[in-house]
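Just so you know, all these numbers are worked out from the coordinates, no wet-lab data involved. All values reported here derive from a predicted model rather than from experimental measurement. Virtual Cβ from ideal backbone geometry, glycine too; neighbours counted across all protein chains shown.
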Amino acid sequence: MTEPTLDNVKFSRSSFFLKIQNGFKEIKKDPHMIKLSIYYTIIATITWLIIANMMQPYAKDFGYTEAEMGILFSLLYLGYTIINFIIVYFKDKITKKMFYLSIPFVIGIPLIFSTVVSKELAPLIILIVMIPNGIKYSFLDKFVNEEFPSNVRATAMSSLNMLYNISFVVLNFLAGIVQDNFNTKLVFFSLGVISLLVAFPLSVLLVRESKYK
């Protein structure tokens, strides 16, 4: 990919908002980019929300103590690192079509079953849903980057990440309400439903397009 050189436009409030406006024009310029932007936002928001705020409360729902969680998450991050290393090692065999279709299932199915597993199996649920967060940076960010022309890529990705951050704040707020009134298991289940009922249909629409066949 050819990246643009830095321009010499002096930073100002107006230039900042102009770049943001131009970035949003790129991510909504056609139906394909709208679908891809929504897909990216859903996957990025769910995976980061789980990594950032949901794993420890989920373990606590099963009665794990602070000492047990210290050991548990050390092992989980070790497993997470090894699995992501193996996946990235075979990155040349993973196509856009394969990635787009599989990730909503990798996220959604464990989250759906997260409400009914035993305490012993709960760490496996956590490990599985951790994995997409790591490979997002190796695959999803790369795939989405390739969709934008090089002269607008940085601006478009900045706007897309702004959309993702807004989505994260909103979803984190709603998840906190659910946690306060119910538990983290219900948050996991709800995220699984979003992944399967929204992200997966979007992935099907994306891979039907000729560029992924």
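Here are the numbers for the structure shown:
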{"item": "Inter-centroid distance (Cα atoms) of segment 121-158 relative to segment 42-119, Å", "result": "14 Å"}
{"item": "Residue among Tyr40, Val198, Val144 farthest towards the positive dipole end of segment 25-212, charges placed on Cβ", "result": "Val144"}
{"item": "Segments 153-166, 70-83 sorted - mean Cβ within 10 Å per residue, highest first", "result": "153-166, 70-83"}
{"item": "Helical segments meeting 18 Å axial Cα length and Kyte-Doolittle 0.0 threshold in the chain (DSSP H)", "result": "31-49, 66-89, 96-113, 122-135, 153-181"}
{"item": "Reported label for calculated Rg and Dmax of the Cα atoms in Å given (1) 15.9, 43; (2) 18.7, 58; (3) 22.7, 84", "result": "(2)"}
{"item": "Length-normalised contact order of the chain in % [C-alpha pairs under 8 Å, at least 6 apart]", "result": "41 percent"}
{"item": "Lys, Arg +1 and Asp, Glu -1 on Cβ, resulting dipole of the chain about Cα centre, debye, nearest 20", "result": "700 debye"}
{"item": "Label-point separation in nm, Val204 to Ile34, each point 7 Å along Cα→Cβ", "result": "2.0 nm"}
{"item": "Nearest-0.05 FRET efficiency for Tyr89 and Ala52, computed from C-beta distance (R0 25 Å)", "result": "0.40"}
